[in-house]
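K.L.:
Just dropping this structure here.
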Amino acid sequence: MDKNSREYEVCVCRHVTRGAIEDFIKESGVTDFKEVCAQMNMGNVCGACRETVMEIIDSSR
Ligand code: FES
C-alpha cells in the first residue's frame with residue numbers, strides 16, 4: 001500500500017487511515033499533534049505512527 005494513499009493505515013494499532021486524519025484536520029482545524037492524537041484516539045499505543053502523523057499535519061498547513 002502506497003504510504004500516500006488515503007487508504008493507508010497510518011495508525012495500525014487504532015486503525016486510523018491517512019484519509020481520516022486529513023479529513024479530521026481539515027474539518028476541525030486542529031493542527032496540534034497531541035490534540036489530533038487525543039481527539040482521534042490514536043498514536044497512544046506503540047507510537048510507531050507518530051512521525052507520519054506529524055508529516056500529515058505539516059503537509060496540511
Ligand atoms: S501505530 Fe499508532 S499507536 Fe501504534
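Rule-based calculations on the coordinates, nothing more; no lab input. Predicted model only: the values in this text are computed from it and were never measured. FYI the Cβ positions are ideal-geometry reconstructions off the backbone, even for glycines, and counts take in every protein chain you see.
K.L.:
Give me the residue from region 38-59 that is without any contact (Cβ under 8 Å) to a residue 24 or more places away in the chain and over 18 Å from Glu7 (Cα atoms) and, out of that set, nearest to the ligand (Cβ to nearest atom). Walk me through it before giving the result.
P.N.:
The initial filter retains those residues of region 38-59 that are without any contact (Cβ under 8 Å) to a residue 24 or more places away in the chain, namely 38-39, 47, 50-51, 54-55, 58-59.
Those still in the list that are over 18 Å from Glu7 (Cα atoms) too: 38-39, 47, 58.
On the way: Ala38: 12, Gln39: 14, Gly47: 5, Asp58: 17 Å.
My answer is Gly47.
K.L.:
Counting only residues that are surrounded by 13 or more Cβ atoms within 10 Å (Cβ to Cβ) and closer than 16 Å to Val45 by Cβ, how many does region 1-16 have? Give the derivation first.
P.N.:
To start, the set of residues in region 1-16 that are surrounded by 13 or more Cβ atoms within 10 Å (Cβ to Cβ) comprises 8-11, 13-14, 16.
Keeping just the survivors that are closer than 16 Å to Val45 by Cβ gives 9-11, 13-14, 16.
Number satisfying all stated conditions: 6.
K.L.:
Further question on the same structure: Tell me whether region 17-32 contains one or more residues that are at negative phi, touching a Ser or Thr at 6+ places or on another chain (Cβ under 9 Å) and without any contact (Cβ under 8 Å) to a residue 12 or more places away in the chain.
P.N.:
Taking region 17-32 first, the residues at negative phi are 17-28, 30-32.
In the following step, the residues that additionally are touching a Ser or Thr at 6+ places or on another chain (Cβ under 9 Å) were identified as 17-19, 21-22, 25-26, 31.
Subsequent filtering for residues that are without any contact (Cβ under 8 Å) to a residue 12 or more places away in the chain retains 17.
Within region 17-32 (the criterion being at negative phi, touching a Ser or Thr at 6+ places or on another chain (Cβ under 9 Å) and without any contact (Cβ under 8 Å) to a residue 12 or more places away in the chain), the answer is yes, since at least one residue qualifies.
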